[in-house]
Each structure stands twice: as C-alpha cells, then as structure tokens.
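First the structure, in the form of structure tokens, and then the observations on it.
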Amino acid sequence: MNGGAGGTGRAGMTGRAGMNGRARTTAPRALLEALRVGGHDEVEVFSKRGRSRITRFEPGFAASQIAEEQGWAVRAGGPRTLLTACGTGEPPAVDQLPAAGPGALRLPGPEEIAGMVGAVQSSDFETALVGEDEALALLAAVDAALGRELAGASLTWGALDDGYAEAEVINSRGLGAGFRSRVASVRLVARLGRHEARLAVADRHARRLSAPSLARRLGDRLMILAAGRSLEQPSTLALIAPEIAAELIAALAPYLVGQEAGPRLQRLADPRGRVGSTLLTVVDDGRLVGGLFESPVDGEGVPTDRVVLIAAGEPLQTLLPWSASCPGRKSGCRLRPSWRDSPQLGPTHLFVAPDPKQPVAPLIEDMAHGFYCLGVSAPPHFDIEAGTFRAEVWGFEVRSGRATVPVAKARLAGTVTDLLAGIVAVGRDLRFVPSRGCVGSPSLLVSGLEVTAR
C-alpha cells in the first residue's frame, strides 16, 4: 500500500479505533492464533489501511482523486522454517497461506525490549487531507511563482500526494502496537528553453509546502543550467547546502547502521579516536517531534529512541536493533517501507545536529574563494571499502565573499575522512530529505575536499 502516507508504516500510536472511527477487525488476531495452533513458534501479523489524495497538474490539464488502500503481511516460522505472505484487503484464513519453507525467524517480545523507553503518543496526526481545490491551487501557484522568479520558466508537470495510514502489528510473543503515518509529497518538473529541472519535497502536511519556496528552488536550478559555466578555478573549500549534505550522510549508512558498521567506522578514527570534526554530531531519532516518520515504535512494534552515534567527532556507537548481540543502546530501527516488505534495518531520522547560532550568509561572506554546492546532477558515488566518494555538482563559485559565478558542472570528491574531519562550520538550517527513512543536515562548510571542473 503505497498510498496512505507514502507507505512508510511509521508514526504515532493509535487507540483501538481507526482514524475514521473504524474499529479494528479481529482478522489479524484470528490468523495469528490459527498459525500458532498450526505449529509455528514465531508469528507476526501486520495490517495497514490508508487514504490519499492524488493530484496531477500539466499545462491545460489538472486532476485530483481519492484512493483508499488496505493490505496485510504475515511472517511465521521458527529456527529452521519461514513462511512469508502478503496481500490486499483483510488478512485471510490460514488455509489460504502458502506452506513454510527453509529459513529462520526470531521475533521480539516484552523480555527483549525490557528497559527500552516507553511508547508515547506522537504529535500532529489529525489534520485533514488537503482538499482538491487546495491541491490544485498549490501546483498552479508554483507555476505562477516560477514565471515571476525566472522569465520564460514554467512548470511542465506536478504531482501532489497527501495521505495518511494506520497500521497494527501483533506477534505471538505478546508484543503489539498500533501506529499512524502522515506524509505529503510533491514532485515537480520545470523547463526553461531546453533545460529541465526536477524537484521532490516531502512534509508531514501538504499545507506546510510553500509555493514561493518550491519555485525559487526550481528557478535556481534552471538559472544555473542556462547561464552556468565550467568551474574556472579549483577549490578545496566547499559550502554544501543541506539537501546535498543530507545525501552524503545518507550514503554513509554503512558506517553508521548495524553492528557490522562499528569496525568500519573505527577504521576512520584518528590517533585521538575521533572520526570527524569536533563540530560533527550525528543522531538518529525515531521520535523526532514533527519528523516525517515520527513514531513511538518501529515496524516490528519495538520502541524507538533518540540515539547519538557520533558526538563532537567521537564515535559512540552504531544504530542497533533489539536483536544485536554487541554492546550498545538498542532502539526500534526496523523500517517497513510498505506492507509488501519485511522489516528492514535502517535509520528513521538520521541527521547532523545543527548549530542554532550559525546563519549561513556569513559563511559565504567569509570565503575568499570557494564553491557553494547547491545540487547534484546524479546520486553521489561512494566506495565504502576504499573510503572515497565523488559527486557531480552544480552551484556557485564564491569570490571575495560573493556567490556570483554560476557553475553548471563541477566535481566534488575526497575521502570520507576528508568529509567528516574537514567540517569547519555547521549552519543552523537543518533540512531533511526522504531516503531509507529520513536523512537531514544543515549547511556544512568543509575544507580539504577537491572541487574541480568536469
């Protein structure tokens, strides 16, 4: 079920009634009991339903519709067997499931999560879906604002999806939780002559999406593509905008998530034991208030928590699930992208902590020469084993404190150590981008990377 809050499967606790007052059915519990009677030691039943408004916009055409979806997923087995199945509608009778095959399954129970933080009600899930007129007006406003922002530019396609979902997970070990998700996403395509720009943004509520802000970001990209030149002078000082810094942090997940990541992260440590600048603090917080995937529990019903992974450049631990055997604080960190997917280990809101006292403008004004990286032309490429990365980027060359020279093509490259240890300033402008979970960063001023022409 990809509608209904984007299929995230993560957000606030519910009561026994659904979001529209619908009482939960007994089908999940009946299926769980039937599988237990059938000889399965471990059984988990996940069920989810959601509602979305889907709005599309093109020049001369606009449409909006409501979609309602419902789905379920089952895992059952034991030390040597595994049964997995999923489908639409209510969970079925046990004789409609496939037979178990080779595999293994171990589920969390109250004893595994004893001592974890208690579940609390998440915030801000009750706002109604955006109306049809509101959704169309937002997309039309982006088109109008873009034309004012950059003469000749126009929106050629837009999509706004606004949805919510409620879900329940129960298992044979006595663990159970209900949770909600609420996500709005907008995807835009704009053109200026032969140049095309794309933008995707997500928020908890569609009403918080700003047409002028969306148009400005599209206009910046189109203007640089149309007027940008090649980088004239290489630089080793780069101011990396939040969305791009977040993409780089997302690519570092192999250093931050799971017990296997610990040794990998330690290989980056300097003689003092630090893996980054003293300005670098990295956190994962499943309960981030107002966060896109804010939730007291994860996709297995295990309580989430705020876990500091790196503090002032010092590695404290990696993100660990309840089942991890190594020492460290455990938290609910198994994502359920949709009811079709088994829970997957990953961050919920992984972010670099901002400096609330540092505005971005002075960071540019203090640069004698450098590069202001505003976007990437393709996802960054990381070689985790070699510890290196490169990204095809665009932005502005900065000269004497002014970002006045647009650059359509440049390359940002270096080692992971260069990136983390080279941070010389952290902005206050924290922003998140959807990834596996949600990843965020403020602007990062980094010294020691290579910015070259391409």
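The values are calculated or read from the model by the stated rules, or taken from the named source; none is laboratory data. Just so we're clear, the structure is a prediction, and the values are computed from it rather than from any experiment. No Cβ is skipped: glycine too gets one built from the backbone with ideal geometry, and neighbour counts run over all protein chains shown. These accessible areas exclude ligands, DNA and RNA; they are computed on the full protein's heavy atoms, side chains included. Shrake-Rupley method; radii C 1.70, N 1.55, O 1.52, S 1.80 Å.
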Review point. Filtering segment 411-421 down to residues that are out of contact with any Asp or Glu (no Cβ under 8 Å at 6 or more places or on another chain) and under 14 Å from Pro380 (Cα atoms), which residue is surrounded by the most Cβ atoms within 10 Å (Cβ to Cβ)?
Key: Leu419
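Give the residue, chosen from Leu231, Leu222, Leu248, Leu239, that is in contact (Cβ under 8 Å) with a residue 60 or more places away in the chain, more than 20 Å from Ala421 (Cβ to Cβ) and open to solvent by less than 10 Å² (accessible area, probe 1.4 Å).
Leu222
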Review point. If you go through segment 300-318 one residue at a time, how many are closer than 27 Å to Ser47 by Cβ and not in a loop (DSSP other than H, G, I, E, B)?
Key: 1
**Study point:** Residue pairs meeting the criteria (Cβ under 6 Å; at least 6 apart or on separate chains; first touching a residue at least 60 places away in the same chain (Cβ under 8 Å), in segment 78-92; second open to solvent by 80 Å² or more (accessible area, probe 1.4 Å))
**Key:** Cys86/Arg340
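Anything in segment 387-414 that is in contact with a helix residue (DSSP H, G or I) (Cβ under 9 Å, 6 or more places away or on another chain) and either over 17 Å from Ser443 (Cα atoms) or free of Cβ contacts under 8 Å to residues at least 12 places away in the same chain (or both)? List them, or say none.
Answer for segment 387-414, where residues must be in contact with a helix residue (DSSP H, G or I) (Cβ under 9 Å, 6 or more places away or on another chain) and either over 17 Å from Ser443 (Cα atoms) or free of Cβ contacts under 8 Å to residues at least 12 places away in the same chain (or both): Gly387, Thr388, Phe389, Pro406, Val407, Ala408.
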Practice item. For Val405, state whether it is crowded, with 20+ Cβ neighbours inside 10 Å and modelled with pLDDT under 95. Key: no
**Study point:** Residues (open to solvent by 20 Å² or more (accessible area, probe 1.4 Å) and of a type outside the set (Lys, Arg)) located in segment 263-277
**Key:** Pro263, Gln266, Leu268, Ala269, Asp270, Pro271, Gly273
Point to revise | Number of positions in segment 154-204 that are outside any strand (DSSP E or B), open to solvent by 10 Å² or more (accessible area, probe 1.4 Å) and touching a strand residue (DSSP E or B) at 6+ places or on another chain (Cβ under 7 Å) | key: 1
Practice item. Determine whether segment 115-127 contains at least one residue that is part of a loop (DSSP other than H, G, I, E, B), aromatic (Phe, Trp, Tyr) and closer than 30 Å to Asp285 by Cβ. Key: yes
Check your understanding: Can you spot a residue in segment 310-318 that is at pLDDT below 95, open to solvent by 10 Å² or more (accessible area, probe 1.4 Å) and acidic (Asp, Glu)?
Key -> no
Exercise for review: Return a yes/no flag: does segment 339-360 have any residue that is among the charged types (D, E, K, R) and in contact with a Cys (Cβ under 8 Å, 6 or more places away or on another chain).
Suggested key: yes
Review point. Hey, which of the strands (runs of 3 or more DSSP E) in segment 41-108, taking only ones fully inside, have at least 3 residues that are of a type in the set (D, E, K, R) and surrounded by fewer than 18 Cβ atoms within 10 Å (Cβ to Cβ)?
Key: none
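Conditions tested, residue by residue: (1) at pLDDT 95 or above; (2) within 17 Å of Arg336 (Cα to Cα); (3) in contact with a Pro (Cβ under 6 Å, 6 or more places away or on another chain).
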residue: Arg10; (1), (2), (3): no, yes, no
residue: Met19; (1), (2), (3): no, no, no
residue: Ala23; (1), (2), (3): no, no, no
residue: Ala27; (1), (2), (3): no, no, yes
residue: Val45; (1), (2), (3): yes, yes, yes
residue: Gly50; (1), (2), (3): no, yes, no
residue: Ala73; (1), (2), (3): yes, yes, no
residue: Ala76; (1), (2), (3): yes, yes, no
residue: Thr81; (1), (2), (3): yes, no, no
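Let's see how each residue does on (1) modelled with pLDDT of 95 or more; (2) part of a helix (DSSP H, G or I); (3) open to solvent by 10 Å² or more (accessible area, probe 1.4 Å); (4) farther than 24 Å from Gly258 by Cβ:
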{"residue": "Arg287", "(1), (2), (3), (4)": "no, no, yes, no"}
{"residue": "Ser295", "(1), (2), (3), (4)": "no, no, no, no"}
{"residue": "Pro327", "(1), (2), (3), (4)": "no, no, yes, no"}
{"residue": "Asp341", "(1), (2), (3), (4)": "no, no, yes, no"}
{"residue": "Pro359", "(1), (2), (3), (4)": "yes, no, yes, yes"}
{"residue": "Tyr372", "(1), (2), (3), (4)": "yes, no, yes, yes"}
{"residue": "Ala386", "(1), (2), (3), (4)": "no, no, yes, no"}
